[in-house]
1. Let me know the charge dipole size of chain A about its Cα centre in debye, to the nearest 20, where only the beta-carbon of Lys, Arg (+1) and Asp, Glu (-1) is charged.
2. Rounded to whole Hz and in sequence order, give me ³J(HN,Hα) for segment A:55-68 from the Karplus expression 6.51 cos²θ - 1.76 cosθ + 1.60, θ = phi - 60°, writing x for Gly and Pro.
3. DSSP loop (so not H, G, I, E, B), at most 12 other Cβ within 10 Å: list which trypsin sites (Lys or Arg not before Pro) in segment B:41-114 pass both filters.
4. Which of the chymotrypsin sites (Phe, Trp or Tyr not before Pro) across segment B:1-70 are loop residues per DSSP, with 15 or fewer other Cβ within 10 Å?
5. If you average over every viewing direction, what projected area does the convex hull of the Cα atoms of chain A give, in nm²?
6. I want to verify a result. In a Gaussian network model of chain B, Cα cutoff 10 Å, which of these has the top mean-square fluctuation: B:53, B:124, B:38?
7. May I ask for the angle, rounded to the nearest 10°, between helix A:113-125 and the longest principal axis of chain A, with both axes built from Cα atoms and the value confined to 0 to 90°?
8. Distances from residue B:79 to the same position in the other copies: list them in nm, one decimal, shortest first, using label points 7 Å from Cα along Cα→Cβ.
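Nothing in this text is a laboratory measurement; each read-out follows from the coordinates by a stated rule. Predicted model only: the values in this text are computed from it and were never measured. Every residue, glycine among them, receives a Cβ derived from its backbone with ideal geometry; neighbour counts consider all protein chains shown.
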2 protein chains.
Amino acid sequence: MDTTATIIQRVREEARRRNVRWTNQREAIVATFVASKDHLTVEELHRRVRLKDATVSAATVYRTINMLTEIGVAVRRQFGASASAAFECAVDRDHHDHLVCTICGSITEFHHDLIERMQVEVADTHGFLLSHHRMELYGTCGTCRIQVDPPAAEDPAPVAR
Amino acid sequence: MDTTATIIQRVREEARRRNVRWTNQREAIVATFVASKDHLTVEELHRRVRLKDATVSAATVYRTINMLTEIGVAVRRQFGASASAAFECAVDRDHHDHLVCTICGSITEFHHDLIERMQVEVADTHGFLLSHHRMELYGTCGTCRIQVDPPAAEDPAPVAR
DNA sequence: TTCCATGCAAAGTGTTTGCACCCGG
DNA sequence: CCGGGTGCAAACACTTTGCATGGAA
């Protein structure tokens, strides 16, 4: 089990190895990022970092998150048609895909080994050497289903599409 | 089997039903779009439309492709980290997912029923009511594998990047 | 002291929109 | 004619980048 501090330490060492300087801004950004367990947009990450150090600019957050993505500490995601990218910390995390609620936007992670194996098979069948994939399932989460679909539904069914 | 003309006719009727006017620009854009069997960006579609009618603006292509997407004639896709969206004609096409070659960018469509069923199952397990999904498999296509991985490689390997 | 990193603002990209004019129904 | 459609340019949202300055090593 890695504490936030341990992860930061690791990133710091990786940075040193690459002759990347360790600044206060990076410390603040990385600390905030690895402490966040959800999927963050740059804007949200910037907002949280500002609480610690109000001088950090958005440009630096972008530069830092890109650096973290390059060294494999962050993973970039792009959900739905949302314009902005979301990032999640990749340290000590296994590969997974996402279920996205189209009502409330909540994100649930899942891993399905058989699907993964079949994806390799599909790639194989078409002569592709699979390197990675992107799979997002969109729908209505349990909580929203209850609110959208009241228990005693007497309304005519909505037109399918 | 539907000819391009038949499809245009259908779109035209759908437009009339919605009190959407049929202009020369729309005729040109829709005709070009349904005749294209590949995945087009707006820029590429605009380029092709201009060959027929040089006065059509990009704004109109955006407005028209958005209209086509709304009425279900076009489907918007977003491959990889590419900034621009790709559109494909949805008329007379069944649902499918994509294999994308990360070397040459070629796109292969596929459908795997078992995967689809398991996706529903995954959603179910997490209390989600699945509405749609997005699945793209990235890798190296057969053609590129041969060129990237030459049978008898005598050249020094290029620096990875 | 040497460069990399930063903040700022400007530039870039892909897409949307306000507006005056145009034209299909 | 009437109201939606169009071209143009400006606005937009997100992200990157040039530049002068600042700070880590």
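1. Working: 20 positive and 22 negative charges, 211 e Å.
Using Cβ point charges on Lys, Arg, Asp and Glu, chain A gives about 1020 debye.
2. 8, 5, 8, 4, 4, 5, 5, 4, 4, 6, 5, 5, 5, 5
3. B:93
4. Values: sites: B:22, B:33, B:62; in loops: B:22.
Passing both the DSSP loop test and the Cβ count: B:22.
5. Dividing the Cα hull surface by four gives the mean projection, 14.0 nm².
6. B:124
7. Helix A:113-125 sits roughly 90 degrees off the main axis of chain A.
8. Ordered by distance, the counterparts are at 2.6 nm.
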